[in-house]
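Structure first, commentary second.
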Amino acid sequence: ALPSQESASAEKAEKAKGRQFFLSLLLLIILMLLHHLLSGSLSMALQGVILVPILYINRGYFISGTKGLLNRAPNMNTLISLGAAAGILYTLVDAFYLHTGISYLDSAGMILTIICLGKWLESRATAHTGDALARLKSLLPAQAIILRGGQETHIPADEVCEGDILIVP
């Protein structure tokens with residue numbers, strides 16, 4: 001692949017991760033407001049409705065985590081999906097059997113949104129690293145001076161081989 005294609009691909013991934021994070025964040029803010037302003041079964045039902053889009057936006061963690069678990073090679077996404085699923089399952093058990101009114105749906109959404117933020121920051125760093133490497137490569141000299149047979153020889157820099165002795169002016 002050409003460096004410009006890699007850079008474009010990294011920028012596209014960064015933008016997609018950014019959209020994913022900001023949409024998750026917006027929904028999480030609504031979810032948190034519902035959690036703190038309302039109480040009872042209506043609050044839990046509304047929180048569940050708001051949580052569903054967050055789960056859909058971040059479904060990749062569940063897919064990857066489940067595949068890792070089924071292949072007996074759990075990964076970070078397995079932990080993320082288990083943490084979010086534990087909050088959801090406990091809330092469902094509480095709503096139908098325990099009746100204490102405790103909801104962890106906001107925590108499940110928060111786990112996914114915080115991880116989404118981390119993935120977005122990681123993709124930003126990756127996209128900018130490619131640009132920095134391209135700028136660094138542009139600083140390389142076009143010619144190299146090597147020592148062959150006791151004499152200094154000028155050759156194109158990309159023709160330098162392993163074992164050549166470079167002369168640095």
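The values are calculated or read from the model by the stated rules, or taken from the named source; none is laboratory data. Small disclaimer: the values here were computed from a predicted structure and weren't measured. When we count neighbours, we look across all protein chains shown, and the Cβ atoms used for this are built from the backbone with ideal geometry, even at glycine. Each accessible area value is taken on the protein alone, full model and side chains, heavy atoms only, with ligands, DNA and RNA left out. Shrake-Rupley method; radii C 1.70, N 1.55, O 1.52, S 1.80 Å.
General observations
- Subset of region 78-107 that is open to solvent by 40 Å² or more (accessible area, probe 1.4 Å) and touching a Phe, Trp or Tyr at 6+ places or on another chain (Cβ under 7 Å) - its residue that is nearest to Leu37 (Cα to Cα): Tyr104
- All positions within region 49-77 that are surrounded by 15 or more Cβ atoms within 10 Å (Cβ to Cβ) and of a type in the set (Ser, Thr, Tyr): Tyr61, Ser64, Thr66
- Across region 108-165, the number of residues qualifying as farther than 30 Å from Leu82 by Cβ, part of a helix (DSSP H, G or I), open to solvent by 80 Å² or more (accessible area, probe 1.4 Å) and not polar (S, T, N, Q) comes to 7.
- Flag for Tyr61 being part of a helix (DSSP H, G or I), among the aromatic types (Phe, Trp, Tyr) and touching a residue at least 12 places away in the same chain (Cβ under 8 Å): yes
- Residue within region 74-91 that is in contact with a helix residue (DSSP H, G or I) (Cβ under 6 Å, 6 or more places away or on another chain) and either among the charged types (D, E, K, R) or touching a residue at least 40 places away in the same chain (Cβ under 8 Å) (or both) present: yes
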